[in-house]
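All remarks here apply to the structure that follows.
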Amino acid sequence: MDIEEMIKQAKQVAKNAWIPYADYMVGTVLVTANGKVYTGCNIQNKGIQAICSERVAFAKAISDGERAFKSILIIGKKSKDKFYKETLPCGYCREFMSEFCKPDFEIYTYDEEKNEVKKYTLQELLPHTFVF
Ligand SMILES: [Zn+2]
C-alpha cells in the first residue's frame with residue numbers, strides 16, 4: 001500500500017473518531033509485515049480510558065492474530081480545521097508499539113497544508129524503551 005492510499009484511508013477512518021471531550025480527530029492506518037491493513041480512530045471517554053487511534057488499529061490486528069508489523073501512518077486535526085497536521089504518537093502508544101514492533105518499524109506523519117509526509121522509525125521516537 002502506498003502512502004497516498006494510506007492517507008486516503010486514514011482520512012476516512014478519522015471521520016469515525018469519537019471526540020466529545022477534546023476536539024482532535026485522529027486516523028491511523030497500520031500495515032502488517034504481510035501487507036494486511038488495519039485502521040483505527042481515537043475514542044474518547046468521560047473517564048480516563050480514552051484510546052488512541054494507533055492502539056485501536058493495533059488491537060484490531062492483534063486480536064486477528066497479527067504479530068508482525070511494517071508501518072503506520074497517523075493523521076490528526078481539530079474537526080473544524082481545513083488541513084490535517086503532523087500528529088505524532090503519544091508516549092503510551094510508542095511504548096505499546098515497542099511490544100510488537102522492531103526498532104525499524106516505520107511511522108509516517110502527514111502535514112496536509114504543506115503536503116509533506118515525514119518518516120520516522122520507532123527507534124527514533126522511542127530510543128530508550130522500558131525494560132524489566
Ligand atoms: Zn497514543
Pairs, please: C-beta under 9 Å, at least 6 apart or cross-chain, first residue more than 21 Å from Lys8 (Cβ to Cβ) and acidic (Asp, Glu) and in the range 50-75, second part of a loop (DSSP other than H, G, I, E, B) and more than 15 Å from the ligand (Cβ to nearest atom)? Asp64/Lys36; Glu66/Ala33; Glu66/Asn34; Glu66/Lys36
Could you list all residues from the range 86-99 that are closer than 14 Å to Glu124 by Cα and assigned to a loop (DSSP other than H, G, I, E, B)? Leu88, Pro89, Cys90
Would you confirm whether any residue within the range 74-83 is among the aromatic types (Phe, Trp, Tyr) and under 16 Å from the mean Cα position of the chain (by Cα)? no
Every residue in the range 35-85 that is in a loop (DSSP other than H, G, I, E, B), of a type in the set (Asp, Glu) and either within 16 Å of the ligand (Cβ to nearest atom) or surrounded by 14 or more Cβ atoms within 10 Å (Cβ to Cβ) (or both), please. Glu66, Asp81
Being more than 16 Å from Asp64 (Cβ to Cβ) and surrounded by fewer than 20 Cβ atoms within 10 Å (Cβ to Cβ) narrows it down to one of Ala17, Ala22, Ala10, so name that one. Ala22
In the range 86-104, what count of residues is obtained for those that are among the basic types (Lys, Arg) and within 13 Å of the ligand (Cβ to nearest atom)? 1
Filter result for the condition that a residue is part of a strand (DSSP E or B) and either among the basic types (Lys, Arg) or surrounded by 15 or more Cβ atoms within 10 Å (Cβ to Cβ) (or both), over Lys102, Lys119: Lys119
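Rule-based calculations on the coordinates, nothing more; no lab input. Bear in mind that the values here come from a model prediction, so they are computed numbers and not experimental data. Backbone-built Cβ (ideal geometry, glycine too); neighbour counts: all protein chains shown.
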